[in-house]
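The values are calculated or read from the model by the stated rules, or taken from the named source; none is laboratory data. On a predicted model such as this, the values are computed, not experimentally measured, just so you know. Ideal geometry is used to build each Cβ from the backbone, glycine not excepted, and the neighbour counts take in all protein chains shown.
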Number of protein chains: 2
Amino acid sequence: MQPSFYAVVPAGGAGTRLWPLSRQDHPKFLHDLTGTGRTLIQATADRLLPLSDGLVVVTGDKHADAVAAQLDLDVSDLLTEPSPRDSMAAIGLAAALLAHRHPDQDVILGSFAADHVITDTDAFARAVRTAVAAATEDYVVTIGIRATAPSTAFGYIRMGDPLASGVGAHHVHGFTEKPDAATAEEYLATGAYRWNAGMFVVRARVLLDHLARLQPTLAAGLERIAAAWDTSERTAVLDREWPALTKIAIDHAIAEPVAAAGGVAVVPGEFDWDDVGDWQSLGDLLPAGLGDVRVLGEESDVLALDSPGALAVTGSGRRLVLLGVPDAVVVDTADAVLVTTRDQAQRVKEIVARLSDDDGGLT
Amino acid sequence: MQPSFYAVVPAGGAGTRLWPLSRQDHPKFLHDLTGTGRTLIQATADRLLPLSDGLVVVTGDKHADAVAAQLDLDVSDLLTEPSPRDSMAAIGLAAALLAHRHPDQDVILGSFAADHVITDTDAFARAVRTAVAAATEDYVVTIGIRATAPSTAFGYIRMGDPLASGVGAHHVHGFTEKPDAATAEEYLATGAYRWNAGMFVVRARVLLDHLARLQPTLAAGLERIAAAWDTSERTAVLDREWPALTKIAIDHAIAEPVAAAGGVAVVPGEFDWDDVGDWQSLGDLLPAGLGDVRVLGEESDVLALDSPGALAVTGSGRRLVLLGVPDAVVVDTADAVLVTTRDQAQRVKEIVARLSDDDGGLT
């Protein structure tokens, strides 16, 4: 039987380090951060739709309307979570529901974050197809991004020998948490480590079997929810079951223990990839304009003198003037203005933490 | 005869280095730049009214309404210029008109800019009274500010021996243009130089006589305008005479040539003084708040982390967040945001020059 491939896009996370553009009520994935005219979740869907037999988005209650407005999605393919229960619940729900809905298919699902930036869609498509092929060998397959720098912002995947089948994937020896700088340098020097972009491709049945074994309570809860989803019982069952679901990331629930048992494979992804984690990385993504200044938004709203390396984000229609501030980050929105520098940008979450006590909607 | 003292306040100049707060249509003197609740021209009037028998403001057509709204001024004391013809025309008009209106008085006038900041009003009052006394000896009297730094932003007055009368003023050996840094250091080292704040106190008759001798065309034009001012002919005469008035600063028209002939005296002013020429100097004027950050406007709108020495100017109700930007200058207005640093602040006029080609009201 030819497998069916469904793309699953968990759309959660506020992206607080991109404040004040990204907000709890309007997170990163709903924004066009690359100036292409497509938001991050739209670009994600654009990449996945040609590769898949269907696309399922899992998002929170308060973002469901915005996601529906941005994507041309059948309402049944938009799974709304009553509250965030971490990535295993979100992806597990999609897996259980796809298995329920397509009992006669060999369902393979691939999970891809809603807010990553990938420009080489051909190389991405090749990696996904390879991952799907490897998933038919019952591996949990991840795509490992070529590490181009000793980043301390990402977890790493330790890649082993190629699978015997010759499909183009490798054994995985293990996953690491975000390393310190020295460890990241060591990883990079070995050539055996790849960045973990949280992409997982796996047979629904394989995933659900791992889950039943490793997190039986969670698996049972998801199974009850999936069975009720397309019935009049959905709300009642969700209300009862959802808040009790084990809150755990797929990395800890599945990827790490299954890797330790030899059940995870990695496909080397040879495409540019960025999770646009903060203003620094967004600055690197955008093309340098006049005077080596990056602008997200209306270039004509920005006047910059002697500010090489600066990033200006317009958003309120006001004129933004930068004078003698190299590497500055200036983000203008309707109700807040952020002024910082590229190398301080990862500290923006400290600001959000300070504001969120009594923020009047600012965070 | 006891002299009458009239304060004359020429209110012109946009203060372009305080853009985007100061605009052509709403210049520096109309703003509360010190957070006291009074604009600069209001504070100027507050200082002068208790010292004088009357206050006359000379301003441009487009600022007359705003000045009238800010000051409790008799309409006859607001002299409106059809176009800017520099300080000699403005002050000369006031002198000629006061002489016309008060033919039986010994009119002494004192000219003080509308946009300077002086906090020690008692010391200022003492200096003005001394200057008025010296003016009764028919000197053109200036007040020389104690030079506390080798500033290159101000002209200097070279002070000589005390007047023989013992009134508390000194002879003036001459005026200098703004010096370079090395020259300013030399001036400061001698102790004989004082900053020229453009304050002149002089008998109206003495001023008009100097003017008739040194700038006869200008003097004659002003005399015709003053004669017609309080008649139905004012508009017709202004339309005819005003555009032809010699455009010259009082420094060049009167102060320098009269000083060369020994006719200028200086009263040492022992008060703090600032012309709030740029954001740097405004930053020095404002008290340091939490984290050594200066705020002009709503302190509760500003959140600053690790930004000592920074200046934040609120103006649109937006939250301003400064993160890791020491000595930054951030000015938020309804239609423009400026981001620069204290030591780049004097370059703001370059920005205004670039914007004013096609500014849509921004400058």
In the set A:His63, A:His100, the lone residue that is assigned to a helix (DSSP H, G or I), farther than 26 Å from A:Asn196 by Cβ and not aromatic (Phe, Trp, Tyr) is A:His100
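Could you pull out the residue among A:Leu78, A:Leu33, A:Leu49 that is crowded, with 22+ Cβ neighbours inside 10 Å and either polar (S, T, N, Q) or in the same structural domain as A:Asp230 (by TED's automatic domain parsing) (or both)?
On the way: A:Leu78 fails: crowded, with 22+ Cβ neighbours inside 10 Å; A:Leu49 fails: crowded, with 22+ Cβ neighbours inside 10 Å.
One residue alone meets the criteria, A:Leu33.
For residues that are assigned to a loop (DSSP other than H, G, I, E, B) and either among the aliphatic types (A, V, I, L, M) or more than 8 Å from chain A (Cβ to nearest Cβ) (or both), tally how many sit in the range B:318-327.
Looking only at that region, the number is 3.
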Mind listing whichever residues of the range A:105-134 are aliphatic (A, V, I, L, M) and in contact with a helix residue (DSSP H, G or I) (Cβ under 8 Å, 6 or more places away or on another chain)?
A:Val107, A:Ile108, A:Leu109, A:Ala113, A:Ala114, A:Val117, A:Ile118, A:Ala125, A:Val128
Take A:Gly262 and decide whether it is away from chain B (no Cβ under 14 Å) and either of a type in the set (Ser, Thr, Tyr) or on the phi > 0 side of the Ramachandran plot (or both).
yes
Can you confirm whether B:Ile248 is in contact (Cβ under 8 Å) with a residue 40 or more places away in the chain, in the same structural domain as B:Ala147 (by TED's automatic domain parsing), under 30 Å from B:Thr39 (Cα atoms) and not aromatic (Phe, Trp, Tyr)?
yes
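One line per residue, one yes/no per condition, for (1) among the small types (Gly, Ala, Ser); (2) more than 30 Å from B:Ser165 (Cβ to Cβ); (3) at pLDDT 95 or above:
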| position | (1), (2), (3) |
| --- | --- |
| B:Gly277 | yes, yes, no |
| B:Val293 | no, yes, yes |
| B:Leu305 | no, yes, yes |
| B:Thr314 | no, yes, yes |
| B:Val352 | no, yes, no |
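Of all residues in the range A:224-271, count the ones that are in a loop (DSSP other than H, G, I, E, B) and not acidic (Asp, Glu).
Final tally of qualifying residues: 11.
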Set B:Ala226, B:Ala197: member being under 30 Å from B:Gly277 (Cβ atoms), touching a residue at least 24 places away in the same chain (Cβ under 8 Å) and surrounded by 14 or more Cβ atoms within 10 Å (Cβ to Cβ)
B:Ala197
Given (1) farther than 19 Å from A:Pro27 by Cα; (2) surrounded by 17 or more Cβ atoms within 10 Å (Cβ to Cβ); (3) over 27 Å from the mean Cα position of the chain (by Cα); (4) within 10 Å of chain B (Cβ to nearest Cβ), index of the condition A:Ala310 fails
(3)
Can you name the residue in the range A:66-83 that is under 17 Å from A:Ala226 (Cα atoms) and assigned to a loop (DSSP other than H, G, I, E, B) and, of all such residues, is nearest to the chain's Cα centre (by Cα)?
A:Ser83
The range B:272-293 - residue that is in a loop (DSSP other than H, G, I, E, B) and within 14 Å of another protein chain (Cβ to nearest Cβ) and, of those, nearest to B:Ile351 (Cα to Cα)
B:Asp278
Answer with yes or no whether B:Arg205 is more than 21 Å from B:Ser111 (Cα to Cα) and of a type in the set (Lys, Arg).
no
Quick one: would you say A:Val331 is within 27 Å of B:Leu355 (Cα to Cα), within 8 Å of another protein chain (Cβ to nearest Cβ) and either touching an Asp or Glu at 6+ places or on another chain (Cβ under 6 Å) or not in a helix (DSSP H, G or I) (or both)?
no
Counting only strands (runs of 3 or more DSSP E) entirely within the range B:103-201, those with at least 2 residues that are under 17 Å from the mean Cα position of the chain (by Cα) are B:106-111, B:140-146, B:156-162
Surrounded by fewer than 17 Cβ atoms within 10 Å (Cβ to Cβ), more than 7 Å from chain B (Cβ to nearest Cβ), modelled with pLDDT under 95 and closer than 18 Å to B:Asp301 by Cβ: does that describe A:Asp357?
yes
Any chance the range A:256-265 includes a residue that's closer than 30 Å to A:Val75 by Cβ and at pLDDT 95 or above?
no
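So that you can scan it fast, the table gives a plain yes or no per residue for (1) touching a Leu at 6+ places or on another chain (Cβ under 6 Å); (2) within 19 Å of A:Trp19 (Cα to Cα); (3) in the same structural domain as B:Ala153 (by TED's automatic domain parsing); (4) surrounded by 15 or more Cβ atoms within 10 Å (Cβ to Cβ):
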| site | (1), (2), (3), (4) |
| --- | --- |
| B:Arg318 | no, yes, no, yes |
| B:Val321 | yes, yes, no, yes |
| B:Asp332 | yes, yes, no, yes |
| B:Val339 | yes, yes, no, yes |
| B:Arg342 | no, no, no, yes |
| B:Gln346 | no, no, no, yes |
Within the range B:108-122, is there a residue that is surrounded by fewer than 17 Cβ atoms within 10 Å (Cβ to Cβ) and within 30 Å of B:Asp230 (Cβ to Cβ)?
no
List pairs: first in the range A:336-351 and more than 7 Å from B:Leu323 (Cβ to Cβ), second among the polar types (S, T, N, Q) and not in a strand (DSSP E or B), Cβ under 8 Å, 6+ apart or cross-chain?
A:Arg342/A:Gln280; A:Asp343/A:Gln280; A:Ala345/A:Gln280; A:Gln346/A:Gln280; A:Lys349/A:Thr16
Which of the residues that make up the range A:225-257 are of a type in the set (D, E, K, R) and under 30 Å from A:Ala131 (Cβ atoms)?
A:Asp230, A:Lys247, A:Asp251, A:Glu256
Going through the range B:294-307 one residue at a time, which ones are assigned to a loop (DSSP other than H, G, I, E, B) and either more than 19 Å from B:Thr36 (Cβ to Cβ) or more than 14 Å from chain A (Cβ to nearest Cβ) (or both)?
B:Asp306, B:Ser307
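Is at least one residue of the range A:247-259 among the small types (Gly, Ala, Ser) and touching a His at 6+ places or on another chain (Cβ under 9 Å)?
Within the range A:247-259, one or more residues are among the small types (Gly, Ala, Ser) and touching a His at 6+ places or on another chain (Cβ under 9 Å).
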Count, please, the residues in the range B:257-275 that happen to be surrounded by fewer than 20 Cβ atoms within 10 Å (Cβ to Cβ), in contact (Cβ under 8 Å) with a residue 24 or more places away in the chain and more than 18 Å from the chain's Cα centre (by Cα).
4
Within the range A:334-349, how many residues are more than 7 Å from chain B (Cβ to nearest Cβ) and touching a Lys or Arg at 6+ places or on another chain (Cβ under 8 Å)?
4
Does the range A:116-134 contain any residue that is touching a strand residue (DSSP E or B) at 6+ places or on another chain (Cβ under 8 Å) and acidic (Asp, Glu)?
no
